[in-house]
Amino acid sequence: MPINIKDLPKEKFVLPGDAACPGCPENMGLRFVGMALGSKAILVIPAGCTSIIQGLAPGSGLKFPILNVPFASSDSVAAGLSSAKKILGEDAVVVVWAGDGGTADIGFATLSGAAERNDDLIHICVDNEAYMNTGIQRSSQTPPGAWTTTTWLGKRERKKDLPLIMLMHRIPYVATASVAYPLDFIEKLRKASAIKGFKYIHLHAPCPVGWRFDPAYTVAVAKLAVETGMWILFEAEGGKVSISPPSKPYADKNRRKPIKEYIAMQGRFRNVTQELLTELEKQVDDNWSTLLKLAT
Amino acid sequence: MGVALKTLTGNYAVATAVKLARVNVISAYPITPQTTIVEKLAEMVELGELKADMIRVESEHSALAAVYGAASGGARAFTATSSHGLLYMHEMLWWVAGSRIPVVMAVVTRTIGPPWNIWTDHSDVMDQRDTGWLITFTENNQETLDETIKLFRITEDERVFLPGIVTLDAFILSHTTEPVDVPDQSLVDAFLPPRKQPYVFRAGEPIIMGNIPRDLKWNMMMREDIDKAMERAKKVIEEADLLWGKLVGRRYGGLTECYRCEDAKHFIIGVGAWVGDMREAVDYLREKLGLRVGLIKIRYFRPFPREDIIKWLNNAMSAVVFDRSVSPSAGGPIFVEVLASLASAGVRTPVRGVIAGLAGVDVTPEDIANAVLTSVSEAEELGTFKQSVLWFYGGE
């Protein structure tokens with residue numbers, strides 16, 4: 001059901017005084033999680049940018065119950081918490097809020113285990129495409145060509161396709177989202193919270209600091225990722241894949257904006273060659289072709 | 001009355017205790033020799049004998065993480081592991097203790113590789129000594145069952161609020177069948193009050209655990225309070241022993257048990273299953289050789305029974321400490337802590353550290369008697385001996 005922006009709750013879960021960088025997409029995402037799930041949510045957060053964003057103890061800039069946990073433990077902690085709530089007969093939506101490292105790399109075995117067991121929780125991967133909190137090192141989610149402090153000449157390897165890997169876990173719900181499309185994200189979160197079992201949402205989150213763009217343009221960059229087809233919004237309920245409305249037009253290659261526009265906005269791609277650009281275009285076509293096959 | 005004699009392996013004694021403690025959530029990953037604990041609990045859950053959730057995780061790190069999540073949410077939770085599994089969990093041990101969330105874990109002590117070795121030594125659990133977990137060693141399957149139940153009460157006491165480990169030696173206890181008194185459920189219910197913990201994670205109640213401290217001194221104070229809670233636990237352990245004794249008629253003493261100590265001039269100190277062999281060694285040395293030897297069985301390594309050690313060794317002529325693990329270049333951890341305890345009270349009793357039984361090397365009562373005899377003779381002849389660490393392989 002489409003959500004009207006006017007009907008969104010006014011209660012704030014991201015409070016003044018948090019410690020996020022200007023233009024931080026994670027803060028935006030957390031605000032949307034508050035709008036979608038409200039006080040039903042309990043957050044489990046492994047190390048990452050949100051460890052800082054939430055502010056200093058004993059205070060907190062976030063009005064959720066938050067259990068901070070070590071990197072490789074989050075989905076298991078959430079599974080235990082969710083199990084306790086079930087056994088004690090309490091209502092709660094247990095949410096893992098993890099970065100791309102905490103999800104796709106150091107956290108992956110735990111994520112995969114919880115997904116295979118179909119533990120009742122929502123895992124949100126807030127993907128800023130590198131280890132930003134430790135100072136912009138490459139991750140398996142860093143796209144080819146991107147500069148990081150461990151790939152000075154640009155990363156050579158392709159981005160690991162986590163949403164599809166999670167889809168192949170045959171869990172009840174998988175979706176991608178973007179901070180530039182809050183209503184789409186909120187709708188997906190609400191849908192996920194009504195489903196029992198393991199739900200995975202991969203949130204694309206452009207980081208001004210790590211991607212080298214002006215903090216005023218977080219939403220613009222996130223939007224361009226979708227419009228160029230670099231990031232595809234879709235969801236899969238019970239394994240049935242459908243392209244989400246914001247991405248639908250870009251199934252048609254001719255309607256996609258040139259990838260160059262997206263690349264040009266970000267300092268991390270300043271050394272990208274024509275050859276690599278062609279390779280990126282090929283990868284976008286490839287990603288679309290795989291998803292469209294799954295969607296039919 | 002209220003008890004039923006059953007034949008149980010150490011591992012089944014643990015599983016039975018967990019059932020009697022009405023645990024809500026269990027999570028574990030199989031590893032030899034812990035495996036039959038998990039198997040038995042899974043069976044109990046599937047047969048409906050135990051109303052609990054079983055989270056069959058993909059690793060030990062996740063096992064303790066799941067147990068931590070469940071306990072943070074207000075559930076009584078349990079896990080079990082051994083050796084490499086325990087080392088893989090190590091990060092989470094710190095996190096659980098630092099969060100002051102009570103949980104109970106059974107550790108079936110096993111050698112650490114390489115090479116692969118499934119037999120008992122205590123290196124795995126000794127590696128956890130600084131984490132802030134209570135650590136108790138058990139001598140037989142009855143004590144394993146009793147101490148597992150007690151540990152729920154002790155860890156959930158507000159003076160403590162720390163997690164706890166009950167250890168049993170690989171195979172010697174874990175896979176050996178012994179007669180065990182299984183207390184009636186009503187006795188355990190009378191012994192175990194409803195779960196208490198410092199805070200519970202609930203939806204709509206915004207609390208935050210583990211974010212960066214504004215003042216680093218608070219962080220240091222958290223460590224100090226764990227240190228203090230560990231000291232406070234000493235009294236709680238004694239109270240639990242007393243109450244359990246009243247209910248089921250079995251008392252072990254608090255942190256230590258002393259065997260034939262009343263007139264002893266020389267002491268053996270040890271932990272775990274081979275304390276049984278040490279009892280035999282004491283009997284032999286007394287009855288055959290007329291030596292006044294006593295045995296201090298350390299039941300709780302954390303908190304460390306400093307006061308008991310000082311009390312018993314204050315006027316002793318010598319002591320031999322047996323360690324089934326070693327901190328290279330420092331000696332066995334029990335030896336080191338006995339020395340530190342004595343030094344803190346100015347007690348000058350000579351102490352010898354014997355490192356034996358590592359990697360599961362079998363040590364018999366005769367071996368123990370022989371190892372002790374060397375030191376005792378030296379002390380009797382010269383009045384003292386040089387403090388030293390001896391690697392002892394037993395046999396010939």
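Before moving on, here are some points about what is shown:
- Within the option set B:ILE310, B:ILE334, being buried (at least 22 other Cβ atoms within 10 Å of the Cβ) and not polar (S, T, N, Q) holds for one residue only, B:ILE334.
- Taking the listed residues B:SER318, B:SER388, B:SER327, B:SER375, the one that is polar (S, T, N, Q) and out of contact with any strand residue (DSSP E or B) (no Cβ under 7 Å at 6 or more places or on another chain) is B:SER327, with no other qualifying.
- Filter result (under 21 Å from A:GLU187 (Cβ atoms) and not aliphatic (A, V, I, L, M)) within segment A:19-53: A:PRO25, A:GLU26, A:ASN27, A:GLY29, A:ARG31, A:PHE32, A:GLY34, A:GLY38, A:SER39, A:LYS40
- Within segment A:152-167, residues that are farther than 17 Å from A:HIS202 by Cα sit with their Cβ atoms under 7 Å from residues that are β-branched (Val, Ile, Thr) and outside any loop (DSSP other than H, G, I, E, B), at 6+ positions apart or across chains, in these pairs: A:LYS155/A:THR148.
- Check on A:ARG158, among the basic types (Lys, Arg) and under 19 Å from the mean Cα position of the chain (by Cα): yes
- Taken together, the residues in segment A:249-264 that are loosely packed, with under 15 Cβ neighbours inside 10 Å and of a type in the set (Gly, Ala, Ser) amount to 1.
- Of all residues in segment A:1-21, those satisfying the criterion of being surrounded by 11 or more Cβ atoms within 10 Å (Cβ to Cβ) and not β-branched (Val, Ile, Thr) are A:LEU8, A:PRO9, A:LYS12, A:PHE13, A:LEU15, A:ASP18, A:ALA19, A:ALA20, A:CYS21.
- Candidates in segment A:96-132 are the residues that are in a helix (DSSP H, G or I) and among the charged types (D, E, K, R); of these, the one that is farthest from the other protein chains (Cβ to nearest Cβ) is A:ASP100.
- Among residues of segment B:156-199 being of a type in the set (S, T, N, Q) and buried (at least 24 other Cβ atoms within 10 Å of the Cβ), the one that is farthest from B:ARG129 (Cα to Cα) is B:SER174.
- Once segment B:266-302 is narrowed to residues that are touching a Ser or Thr at 6+ places or on another chain (Cβ under 8 Å) and in a loop (DSSP other than H, G, I, E, B), the residue that is farthest from B:ASP323 (Cα to Cα) is B:ARG299.
- Residues (assigned to a helix (DSSP H, G or I), under 17 Å from the mean Cα position of the chain (by Cα) and under 18 Å from A:ILE186 (Cβ atoms)) located in segment A:220-257: A:ALA222, A:LYS223, A:VAL226, A:PRO246, A:SER247
- Pair list, Cβ < 9 Å and 6+ apart or interchain, from segment B:53-82 residues that are within 7 Å of chain A (Cβ to nearest Cβ) and surrounded by 24 or more Cβ atoms within 10 Å (Cβ to Cβ) to residues that are among the acidic types (Asp, Glu) and in a loop (DSSP other than H, G, I, E, B): B:ILE55/A:ASP119; B:ALA66/A:ASP119; B:GLY73/A:GLU90
- Residue within segment B:282-296 that is touching an Asp or Glu at 6+ places or on another chain (Cβ under 7 Å), charged (D, E, K, R) and free of Cβ contacts under 8 Å to residues at least 40 places away in the same chain present: yes
- Put simply, of B:ARG348, B:ARG302 the only residue that is crowded, with 16+ Cβ neighbours inside 10 Å and among the charged types (D, E, K, R) is B:ARG302.
- Test for B:THR136: is it in a strand (DSSP E or B), in contact with an Asp or Glu (Cβ under 6 Å, 6 or more places away or on another chain) and either more than 10 Å from chain A (Cβ to nearest Cβ) or surrounded by fewer than 22 Cβ atoms within 10 Å (Cβ to Cβ) (or both): yes
- When residues of segment B:198-213 are limited to those that are assigned to a loop (DSSP other than H, G, I, E, B) and within 32 Å of the chain's Cα centre (by Cα), the one nearest to the other protein chains (Cβ to nearest Cβ): B:GLY210
- Only a single criterion out of (1) within 11 Å of another protein chain (Cβ to nearest Cβ); (2) farther than 18 Å from B:ARG202 by Cβ is not satisfied by A:ALA20, namely (1).
- Some residue of segment A:22-36 being at pLDDT below 95, of a type outside the set (A, V, I, L, M, F, W, C) and more than 27 Å from A:ARG117 (Cβ to Cβ): no
- As for segment B:24-36, it holds at least one residue that is within 14 Å of chain A (Cβ to nearest Cβ), crowded, with 23+ Cβ neighbours inside 10 Å and farther than 21 Å from A:LYS86 by Cα.
- Evaluation of A:GLY135 against (1) touching a residue at least 60 places away in the same chain (Cβ under 8 Å); (2) part of a loop (DSSP other than H, G, I, E, B) (one fails), failing number: (1)
- Considering only residues in segment B:313-330 that are assigned to a strand (DSSP E or B) and surrounded by 22 or more Cβ atoms within 10 Å (Cβ to Cβ), the one that is nearest to the chain's Cα centre (by Cα) turns out to be B:ASP323.
- Test result for A:SER60, within 11 Å of chain B (Cβ to nearest Cβ), surrounded by fewer than 24 Cβ atoms within 10 Å (Cβ to Cβ) and among the hydroxyl-bearing types (Ser, Thr, Tyr): yes
Results for (1) hydroxyl-bearing (Ser, Thr, Tyr); (2) within 20 Å of B:SER99 (Cα to Cα); (3) within 7 Å of another protein chain (Cβ to nearest Cβ), shown as yes or no for each residue.
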{"site": "A:LEU56", "(1), (2), (3)": "no, yes, yes"}
{"site": "A:PHE64", "(1), (2), (3)": "no, yes, yes"}
{"site": "A:LEU67", "(1), (2), (3)": "no, yes, yes"}
{"site": "A:ALA72", "(1), (2), (3)": "no, yes, yes"}
{"site": "A:ASP75", "(1), (2), (3)": "no, yes, no"}
{"site": "A:SER82", "(1), (2), (3)": "yes, yes, no"}
{"site": "A:VAL94", "(1), (2), (3)": "no, yes, no"}
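- Residues being out of contact with any helix residue (DSSP H, G or I) (no Cβ under 7 Å at 6 or more places or on another chain) and either acidic (Asp, Glu) or not in a helix (DSSP H, G or I) (or both) - total across segment B:364-388: 10
- Taking the criterion of being farther than 18 Å from B:HIS122 by Cα, surrounded by fewer than 23 Cβ atoms within 10 Å (Cβ to Cβ) and in contact with a helix residue (DSSP H, G or I) (Cβ under 6 Å, 6 or more places away or on another chain), the only residue of segment B:267-281 that qualifies is B:GLU280.
- Here A:GLY48 clears all of (1) facing chain B (nearest Cβ under 9 Å); (2) under 15 Å from the mean Cα position of the chain (by Cα); (3) more than 26 Å from A:ASP91 (Cα to Cα) except the condition numbered (1).
The values are calculated or read from the model by the stated rules, or taken from the named source; none is laboratory data. No experiment lies behind these values; they were computed from the predicted model shown. Reconstructed Cβ throughout: ideal geometry from the backbone, glycine too, with neighbour counts over all protein chains shown.
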